[in-house]
Amino acid sequence: MADVDAVLEAAHLKNDHVREYVRYWAGITGAANIEVVSADDDARLIQEALAAGEILPAGDDLYYSRSYYKDTARSEERTIVATSNPADKGVYNNWYPAPEMKEKLTGLMTGASRGKTMYVIPYLMSAPGSPLEKYAAGVELTDNRSVVLHMNRMARVGVEYINNLADPDSFVRAVHVTGDLENLGQGTPEDKRYFVTVADERTILHYGSSYGGNALLGKIAHGLRQAAYDGWASRKFLAEQFMLLGITDKVTGKKWHIAGGFPSASGKTNLAMTLPPDALGDRYHVEFYGDDIAWMWVGEDGRLYGMNPEFGVFGVAKDTNEHTNPTAIESIKPGTRAIFTNVAYNAKTHKVWFEGRTPNPPADLDGWLDWKGNPVADRSPAEANDPWAHPNSRFTTTLANVPNIASDYDNPAGVPIDGIIFGGRTRDREPLIRAITDVAEGVYDGLTLGAEATFAADGLDGQLRYDPMSMRPFMSYPEGPYAAHWLSIIGACANKPIFAHVNWFQRDAEDGHFLWPGYRDNLRALLWLMQLRDGEVSGVETPVGILPAKDELNTDGLQIDPADLDKLLTIDVARWKQEVGFRQEYLEQFAGLPEEIWTAQRRVAESLGN
Ligand code: OXD
Ligand code: MN
């Protein structure tokens with residue numbers, strides 16, 4: 001092992017607490033070398049990774065990587081939040097005692113990076129100068145170069161972010177050890193993977209994966225789990241799996257910002273990066289801030305402020321195309337340094353492809369390898385319809401590559417938030433949009449956010465898979481205090497955001513067609529919400545919120561059957577009565593829910609006539 005201190009000195013890493021932390025884990029993991037990384041090292045690291053065959057060229061300054069075939073997604077069962085206080089155990093946070101987990105992970109990591117380089121990645125999950133900067137600094141240690149390349153795109157990376165911390169000990173310690181991927185028993189009773197956030201020690205210990213969702217520790221482990229815990233422990237902010245966008249009315253000059261949570265596969269990334277529909281393009285400009293995480297706090301002017309702590313997008317590739325998400329397609333074009341993971345790859349032309357990129361896969365199979373690296377041309381008839389790309393294959397690109405990135409995305413002050421939306425994927429019960437002006441009812445609506453998981457298939461008669469605020473996999477403290485913290489942060493705003501529930505996925509009960517065209521037209525619902533907030537429209541009251549009156553929704557250029565629009569703007573009372581019953585049962589599992597949430601549940605039930 002090289003002299004750790006000499007390496008850190010040469011890299012100008014001055015923070016003694018960071019140095020001690022690096023020394024400690026270098027000793028445990030047994031890494032052969034230490035290398036401190038900054039964003040400027042990216043081009044060299046790309047060349048090294050290409051030379052080592054860890055990534056492959058995918059066009060002009062585009063790259064391809066493949067993760068081990070049993071290591072292609074986040075593992076929720078293997079993800080744990082540990083603290084020293086048993087009262088931190090909630091329903092979804094998979095709580096374990098911190099001492100037990102630290103001992104377990106130290107054991108697993110001992111000697112596990114032998115012969116490898118341990119990269120030291122100092123990072124910041126905010127723009128420098130943000131009021132939340134003190135919660136944003138971290139240092140990831142990883143024995144995987146591809147993880148470094150991804151972190152360089154997803155976070156601000158360099159020693160300058162940790163050398164001059166106001167409290168030099170206040171950084172997240174985030175240790176990632178890949179492990180022997182072929183011998184970890186992924187998904188079996190002998191599974192050896194552990195993805196642990198020791199939240200009250202601000203320490204993240206992930207063992208047994210090199211897939212981004214488990215290995216890019218700045219993103220989900222710090223940006224969501226740790227930050228949610230910090231936000232609660234400090235009583236200062238919320239960290240949520242939310243997108244963030246801005247809409248400018250070019251005629252009046254008004255600008256609004258909307259944040260919102262959507263369970264997976266409910267169109268969050270597409271909405272975050274949306275453009276206005278053609279017919280509204282002259283009037284409205286839509287800007288992208290973030291597709292996955294928002295940290296939110298109360299500003300001195302009494303408004304809710306929000307920012308995206310990330311520096312890039314780790315987006316699901318499947319179904320991304322010029323129609324569903326044209327700005328994402330632009331953000332991964334040649335010259336962007338984007339990295340594709342687990343899509344299909346052509347070893348001869350270096351092109352990539354994934355399901356939904358074009359209606360049909362490339363006709364000429366020559367050179368095409370599926371996500372496991374097997375030639376598509378050699379498939380047996382039984383395999384002929386297998387996907388070419390893994391359904392969770394990804395693209396990784398920096399925010400600045402997205403053509404409609406907000407001009408002020410890097411502003412440390414964040415942006416004032418006018419609306420908070422929740423949106424599930426449901427074929428019935430949820431109208432296009434219903435606005436909620438009461439804070440407790442808005443928080444209640446977020447807690448009862450749900451999406452169809454295996455609708456009907458599991459015989460649950462339309463029961464949704466609830467996903468509180470879309471944070472179910474990222475909850476780090478119990479649901480009762482979580483609801484109370486939301487009430488207290490939003491309650492502290494003098495000028496409060498309006499809440500709304502949106503659903504782009506309602507279907508016709510008879511023939512199953514989607515009632516709403518979705519994608520860019522979704523902006524119409526958001527514009528109505530902002531007009532409602534500004535008192536320009538008044539909507540129609542229903543037991544579950546305010547719906548747009550038919551003539552209030554801007555339908556210029558919208559292709560829709562008027563009967564479908566009618567259905568989208570009404571609620572199905574019978575279905576809602578049943579839904580409220582499901583919600584009662586779901587909410588009862590959470591200890592210590594604030595009384596305001598029960599009042600909201602009762603009020604909705606009573607106004608439905610339950
Ligand atoms: C996720 C992600 O898994 O954002 O939610 O990658
Ligand atoms: Mn996400």
Qualifying residue in segment 187-195 (condition: of a type in the set (K, R), within 16 Å of ligand 1 (Cβ to nearest atom), touching a Gly at 6+ places or on another chain (Cβ under 7 Å) and not in a helix (DSSP H, G or I)): yes
Residue within segment 234-254 that is farther than 26 Å from A406 by Cβ and not in a loop (DSSP other than H, G, I, E, B) present: yes
Of all residues in segment 348-388 being assigned to a loop (DSSP other than H, G, I, E, B) and in contact (Cβ under 8 Å) with a residue 40 or more places away in the chain, the one that is surrounded by the fewest Cβ atoms within 10 Å (Cβ to Cβ): G373
Matching residues, segment 226-265, being more than 16 Å from ligand 2 (Cβ to nearest atom), of a type outside the set (F, W, Y) and farther than 25 Å from P481 by Cα: G246, I247, T248, D249, K250, V251, T252, G253, K254, K255, H257
Filter result for V298 (crowded, with 24+ Cβ neighbours inside 10 Å, among the β-branched types (V, I, T) and either under 17 Å from M243 (Cα atoms) or touching a residue at least 60 places away in the same chain (Cβ under 8 Å) (or both)): no
Residue count for segment 393-404, restricted to those that are open to solvent by 30 Å² or more (accessible area, probe 1.4 Å) and within 14 Å of ligand 1 (Cβ to nearest atom): 1
Matching strands (runs of 3 or more DSSP E) fully within segment 87-180 where at least 2 residues are over 25 Å from the mean Cα position of the chain (by Cα) and more than 16 Å from V196 (Cα to Cα): 117-124
Number of the exception - V316 against (1) more than 16 Å from ligand 2 (Cβ to nearest atom); (2) open to solvent by 40 Å² or more (accessible area, probe 1.4 Å); (3) among the β-branched types (V, I, T): (1)
Residue match in segment 15-38 (condition: at pLDDT below 95, part of a loop (DSSP other than H, G, I, E, B) and either open to solvent by 50 Å² or more (accessible area, probe 1.4 Å) or in contact with a helix residue (DSSP H, G or I) (Cβ under 9 Å, 6 or more places away or on another chain) (or both)): no
Single residue of R23, R78, R66 found to be within 16 Å of ligand 1 (Cβ to nearest atom) and not acidic (D, E): R78
In segment 64-96, the residues that are within 17 Å of W371 (Cβ to Cβ), in contact with a strand residue (DSSP E or B) (Cβ under 9 Å, 6 or more places away or on another chain) and open to solvent by less than 20 Å² (accessible area, probe 1.4 Å): Y64, S65, S67, T72
Matching option when the condition is modelled with pLDDT of 95 or more and over 29 Å from Q226 (Cβ atoms), among K333, K318: K333
Residues of segment 431-442 satisfying the condition of being open to solvent by less than 10 Å² (accessible area, probe 1.4 Å) and out of contact with any helix residue (DSSP H, G or I) (no Cβ under 8 Å at 6 or more places or on another chain): R434
Options F195, F237; residue that is open to solvent by less than 30 Å² (accessible area, probe 1.4 Å) and out of contact with any His (no Cβ under 6 Å at 6 or more places or on another chain): F237
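The values are calculated or read from the model by the stated rules, or taken from the named source; none is laboratory data. Please read all numbers here as calculations on a predicted model, not as lab measurements. With ideal geometry, Cβ positions are generated from the backbone for all residues, glycine too; neighbour counts draw on all protein chains shown. Just the protein is used for accessible areas: all its heavy atoms, side chains included, with ligands, DNA and RNA removed. Shrake-Rupley method; radii C 1.70, N 1.55, O 1.52, S 1.80 Å.
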